[in-house]
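Reviewing the structure listed below.
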Amino acid sequence: MENQKKPMQWLKLSLRCPVAMVEAVEDLLAARSGSGVEQSPEQDGFCMLAGFFALEDAASAENVLAENRSALTELFALYGKPLPEIRQQVLADEDWATSWQQYFKPFAVVPGLVIKPSWESYTPQPGEKVVEMDPGMAFGTGQHASTRGALLLMQRAFRDLPPALASRALDVGTGTGILAMAAALWGAREVLALDNDPEAVRVAGENVGHNRLADRIQVSLTPLAEVQGSFGLVTANIVHDVLVALRPDLTRLVAPSGFLALAGVLAGAQENNLIRLYAESGLKLVEARYEDEWVALLLEKTANS
């Protein structure tokens, strides 16, 4: 048949990634590709990660590689590391894009909050909240330790905050919007979700709309420095150096007696540095949640700060 559609091809980009950077690199590849990310088991502190990019034609592979190399170089520089070798392979479409769906099932990311892919049905138990979100859409589906740590601390914050403070929340570096959506499901009536990546903002907006939370969550590219007002809960699941740089604005935006949840932090030196710096700004440590090499920190702003 002369008009038979030519099978789609995919460009597989693979690189050896330090474990401390797996979530960030995985999220970047997922956001840029719009498809699943393959991860090998950890070995000697590293994992192999692979992203899959649909190709319009064979000539587009070079452009896709160049654009991703540039984005990954910037990301690795944030961690003070050089970009490792990127391996490339062109694959024919053999339904790989759907075959992995069988391995992604609804799961409780933290007690009371279930993440469900669109192709699975799930009946929530009494008191459970459900977020529908597919893997590979953008930054994280809640499977990483730093996301779980942030969510657990957010649960505590909403238990402790009076209703007036719990009504407004800010999520900085929102990615898929998972923390922002959790805040809305747990009681915040007004949530601002920020990211400096237009693709993340687009995908988070789609997730928010798909979960019927657009009346409570605004997703925006607005720079943090331009945000005004105060929030009972501010969350930031980013990386240590960015959390240091954002300290003045994050501190400014937390309401007196409100909470700041920080994640994406390595336990030890990074943890201690952030606790010290934020204490100088009037935020005291309330709780630290540890998992693997990661820690999430819940800080409270003293009433007179």
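No lab work stands behind these numbers, since they all come straight from the coordinates. The shown structure was predicted, so the numbers you read here are calculated from the model rather than taken from an experiment. Here Cβ is always computed from backbone atoms with ideal geometry, including for glycine, and neighbour counts include all displayed protein chains.
Taking the DSSP beta bridges with both ends in the chain, the antiparallel portion is around 60 percent.
Let me check against my output: what whole-number percent is the relative contact order of the range 9-100, with C-alpha pairs under 8 Å and at least 6 apart? Display every interim value, and only then the final one.
Values: 129 pairs, mean separation 38.1, N = 92.
This gives 41 percent for the range 9-100.
Placing dummy labels 7 Å off each Cα toward the beta-carbon, the span from Asp215 to Glu287 is 3.0 nm.
For helix 198-210, report the angle its Cα long axis makes with the longest principal axis of the Cα atoms of the chain; keep it between 0 and 90° and round to the nearest 10°. Compared with the principal axis, the helix lies near 80 degrees. Where only DSSP H runs of four or more residues are counted, the chain gives -10000 deg cm²/dmol as its mean residue ellipticity at 222 nm, each run worth -39500 (n - 2.57).
Using 0.36 nm per residue and subtracting the Cα-Cα separation, the extra length available between Ser118 and Leu91 on full extension is 7.1 nm.
At full extension, Asn63 and Ala245 could sit 62.3 nm farther apart than now, given 0.36 nm per residue minus the alpha carbon distance. Against the main long axis of the alpha-carbon atoms of the chain, helix 22-33 sits at an angle near 60°.
Using 0.36 nm times the number of residues separating Glu42 and Leu83, minus their current alpha carbon distance, what extension gain do you get?
Working: separation 41, 0.36 × 41 = 14.76 nm, distance 1.86 nm.
Residue separation times 0.36 nm, minus the Cα-Cα distance, leaves 12.9 nm.
Taking a point 7 Å from the Cα of Leu266 along the Cα-to-Cβ direction, the residues of the range 274-305 with backbone N closer than 12 Å to it are 293-295.
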